[in-house]
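For reference, the structure discussed in these notes is given below.
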Amino acid sequence: MSHSTVPRNGAEADTTARTPVASGGATGPRDERRRGGRLSLRIRFGRDRVLLLMTLPALVLVLLFNYVPILGNIVAFQDYDPYISDNGVVSILHSPWVGLENFRSIFADSAFWNAVQNTLVLFFLQLVLYFPIPILLALLINSVVRPRVRAVAQAVLYLPHFFSWVLVIAVFQQLLGGAGLLSQLLRQHGYDGLDVMTDPSTFKFLITAQSVWKDAGWGIIVFLAALTSVSPDLYEAAAMDGAGRWRRIWHVTLPALRPVIALLLVLRVGDALTVGFEQILLQRDAVGPGAAEVLDTFVWWNGVRNQDFGYAAAAGLIKGVVSLGLVLAANKVAHLMGEQGVYKK
């Protein structure tokens with residue numbers, strides 16, 4: 001064997017192995033796997049193909065039921081008549097085009113602005129009164145030492161989440177209605193009866209109370225899951241530094257919950273114009289549209305009951321655009337506060 005082909009020592013062999021390939025030659029395995037510091041698309045697809053196949057059915061459902069119906073917003077610019085044909089696509093193609101006429105009618109409609117006002121008032125009430133309650137209950141349950149007591153409390157608070165709105169409203173009717181338990185108790189003591197369920201002045205507080213009772217348990221689970229990621233060493237270190245219970249909650253627990261609070265707050269702001277369609281629709285006739293009409297019921301009443309589909313679609317499109325803007329604005333605020341929000345920068 002010629003001496004020119006044999007490396008003299010290990011260092012020379014290592015230098016030879018690390019010599020870059022000349023341009024035009026075959027690329028090495030590292031160059032094939034990485035392009036600009038990232039794995040190539042083929043490598044990543046091969047690595048994650050099982051996960052991609054698992055998410056494919058959910059992706060198809062989202063496309064069919066969330067994104068394809070967006071194309072139907074074109075009826076907001078038409079005097080849409082679904083009875084032109086049995087085929088909805090044909091009806092869209094043959095309905096007369098009215099441009100922005102539906103939007104002009106909506107902005108001139110006092111009922112629309114009344115629905116906007118009721119929606120915003122309900123949103124702020126639920127944000128102030130409903131949003132903090134799951135956080136406080138999660139902190140309270142997390143402070144319980146006995147696991148069995150903690151599990152029972154969590155189960156009791158979470159149980160109403162599985163109730164339908166019909167059942168929830170029936171429970172409140174039996175308690176706060178004109179013939180309910182509270183009204184009967186007042187009459188037995190010589191006072192006039194009280195019917196909270198048909199009082200327009202207290203309707204917004206009633207809606208908020210129903211939402212708290214039904215869905216606070218769901219929020220508790222989210223915040224308790226976030227609290228499990230907090231290291232017990234942080235509490236021990238804070239206790240050794242002389243921090244009491246409230247100090248540990250303020251300086252350890254709440255900072256750990258801040259990313260989750262920011263995320264849920266962004267989502268809640270984006271859902272500000274959706275304040276409970278089924279819940280309000282079931283009680284709309286009891287207090288009247290002046291107190292109970294919100295954007296969702298306004299769209300339903302005009303689109304389904306009055307069959308003015310183009311008008312209702314225009315109102316729904318306005319609501320969707322405003323909700324998207326609220327999500328982006330709230331997410332920007334979360335980024336300015338140093339949180340991730342719905343997506344990273």
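The values are calculated or read from the model by the stated rules, or taken from the named source; none is laboratory data. Bear in mind that the values here come from a model prediction, so they are computed numbers and not experimental data. Here the Cβ positions follow ideal geometry from the backbone for every residue, glycine too, while neighbour counts run over all protein chains shown. We work out accessible area using only protein heavy atoms, side chains counted, and drop any ligands, DNA or RNA first. Shrake-Rupley method; radii C 1.70, N 1.55, O 1.52, S 1.80 Å.
Can you pull out the residues in segment 238-255 that are surrounded by 16 or more Cβ atoms within 10 Å (Cβ to Cβ) and not polar (S, T, N, Q)? Let's see the steps before the verdict.
The initial filter retains those residues of segment 238-255 that are surrounded by 16 or more Cβ atoms within 10 Å (Cβ to Cβ), namely 238, 243, 248-249, 252-253.
Ala238, Ala243, Arg248, Ile249, Val252 - these are the residues of segment 238-255 that are surrounded by 16 or more Cβ atoms within 10 Å (Cβ to Cβ) and not polar (S, T, N, Q).
List pairs: first in segment 111-137 and on the phi < 0 side of the Ramachandran plot and buried (at least 16 other Cβ atoms within 10 Å of the Cβ), second acidic (Asp, Glu) and outside any helix (DSSP H, G or I), Cβ under 9 Å, 6+ apart or cross-chain?
Asn114/Glu293; Ala115/Glu293; Asn118/Glu293; Thr119/Glu293; Phe123/Asp271
Within segment 275-313, count every residue that is more than 18 Å from Ser95 (Cβ to Cβ) and surrounded by fewer than 16 Cβ atoms within 10 Å (Cβ to Cβ). Spell out how you get there, then give the answer.
Keep residues of segment 275-313 that are more than 18 Å from Ser95 (Cβ to Cβ), which gives 275-301, 305.
Now drop any that are not surrounded by fewer than 16 Cβ atoms within 10 Å (Cβ to Cβ), which leaves 277-278, 285, 288, 290, 305.
Residues flagged as more than 18 Å from Ser95 (Cβ to Cβ) and surrounded by fewer than 16 Cβ atoms within 10 Å (Cβ to Cβ) within segment 275-313 amount to 6.
Would you confirm whether or not segment 211-230 contains a residue that is on the phi > 0 side of the Ramachandran plot and at pLDDT below 85?
Step one: filter segment 211-230 for residues on the phi > 0 side of the Ramachandran plot, giving none.
No, that holds for no residue.
Given the criteria in contact (Cβ under 8 Å) with a residue 24 or more places away in the chain and more than 19 Å from the chain's Cα centre (by Cα), does Ala292 qualify? Show your work before the answer.
Working: in contact (Cβ under 8 Å) with a residue 24 or more places away in the chain: yes; more than 19 Å from the chain's Cα centre (by Cα): yes.
Answer is yes for this residue.
Tell me, please, whether a residue that is within 22 Å of Asp285 (Cα to Cα), open to solvent by less than 40 Å² (accessible area, probe 1.4 Å) and aliphatic (A, V, I, L, M) can be found in segment 183-194.
No: segment 183-194 contains no residue that is within 22 Å of Asp285 (Cα to Cα), open to solvent by less than 40 Å² (accessible area, probe 1.4 Å) and aliphatic (A, V, I, L, M).
Would you pick out the residues in segment 138-161 that are closer than 23 Å to Arg268 by Cα and exposed (fewer than 12 other Cβ atoms within 10 Å of the Cβ)?
Scanning segment 138-161 gives a single hit, Leu159.
Taking the residues in segment 227-237 that are part of a helix (DSSP H, G or I) and within 16 Å of Arg150 (Cβ to Cβ) as candidates, determine which candidate is most open to solvent (accessible area, probe 1.4 Å).
Restricting attention to segment 227-237, the residues satisfying the condition of being part of a helix (DSSP H, G or I) are 227, 232-237.
Subset that is within 16 Å of Arg150 (Cβ to Cβ): 227, 232.
Details: Leu227: 12, Pro232: 83 Å².
The qualifying residue most open to solvent (accessible area, probe 1.4 Å) is Pro232.
Let's see how each residue does on (1) among the hydroxyl-bearing types (Ser, Thr, Tyr); (2) at pLDDT 90 or above; (3) more than 19 Å from the chain's Cα centre (by Cα):
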{"site": "Thr274", "(1), (2), (3)": "yes, no, no"}
{"site": "Ala286", "(1), (2), (3)": "no, no, yes"}
{"site": "Ala315", "(1), (2), (3)": "no, yes, yes"}
{"site": "Ala330", "(1), (2), (3)": "no, no, no"}
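Yes or no: Ser164 among the small types (Gly, Ala, Ser), touching an Asp or Glu at 6+ places or on another chain (Cβ under 9 Å) and surrounded by 18 or more Cβ atoms within 10 Å (Cβ to Cβ)? Explain how you work it out, then say what you get.
Values: among the small types (Gly, Ala, Ser): yes; touching an Asp or Glu at 6+ places or on another chain (Cβ under 9 Å): yes; surrounded by 18 or more Cβ atoms within 10 Å (Cβ to Cβ): no.
Considered against the rule, which asks whether it is among the small types (Gly, Ala, Ser), touching an Asp or Glu at 6+ places or on another chain (Cβ under 9 Å) and surrounded by 18 or more Cβ atoms within 10 Å (Cβ to Cβ), Ser164 comes out as no.
Within the set of pairs 6 or more residues apart or between chains, which connect a residue that is without any contact (Cβ under 8 Å) to a residue 12 or more places away in the chain inside segment 157-177 to a residue that is open to solvent by 60 Å² or more (accessible area, probe 1.4 Å) and assigned to a helix (DSSP H, G or I) with Cβ atoms less than 8 Å apart?
Pairs that qualify, where the first residue is without any contact (Cβ under 8 Å) to a residue 12 or more places away in the chain and the partner is open to solvent by 60 Å² or more (accessible area, probe 1.4 Å) and assigned to a helix (DSSP H, G or I), are Gln174/Leu181; Leu175/Leu181; Leu175/Leu182.
Between a residue in segment 316-330 that is outside any helix (DSSP H, G or I) and any residue that is at pLDDT 85 or above, which pairs come within a Cβ distance under 7 Å, given they are 6 or more apart or on different chains?
none
Given the conditions (1) within 30 Å of Gly290 (Cα to Cα); (2) modelled with pLDDT under 90; (3) not small (Gly, Ala, Ser), report the number of the one that Arg34 does not fulfil.
Going through the list (1) within 30 Å of Gly290 (Cα to Cα); (2) modelled with pLDDT under 90; (3) not small (Gly, Ala, Ser), Arg34 breaks only (1).
Taking the criterion of being out of contact with any Gly (no Cβ under 7 Å at 6 or more places or on another chain), more than 19 Å from Asn66 (Cβ to Cβ) and open to solvent by 40 Å² or more (accessible area, probe 1.4 Å), would at least one residue in segment 314-326 satisfy it?
No, segment 314-326 has no match at all.
Please list, ordered by first then second residue, the pairs with beta carbon atoms under 6 Å, 6 or more apart or interchain, first in segment 260-282 and within 15 Å of Gly316 (Cα to Cα), second crowded, with 20+ Cβ neighbours inside 10 Å and hydroxyl-bearing (Ser, Thr, Tyr).
Filtered contacts from segment 260-282: Leu273/Thr119; Val275/Thr119.
Determine, yes or no, whether Val269 is under 18 Å from Tyr130 (Cβ atoms), outside any helix (DSSP H, G or I) and hydrophobic (A, V, I, L, M, F, W, C).
On the way: under 18 Å from Tyr130 (Cβ atoms): yes; outside any helix (DSSP H, G or I): no; hydrophobic (A, V, I, L, M, F, W, C): yes.
So Val269 does not fit the description; no.
What do you reckon, is Leu51 over 26 Å from Thr274 (Cβ atoms) and either among the aliphatic types (A, V, I, L, M) or surrounded by fewer than 12 Cβ atoms within 10 Å (Cβ to Cβ) (or both)?
Numbers: over 26 Å from Thr274 (Cβ atoms): yes; either among the aliphatic types (A, V, I, L, M) or surrounded by fewer than 12 Cβ atoms within 10 Å (Cβ to Cβ) (or both): yes.
Yes; evaluated as a whole, the condition is true for this residue.
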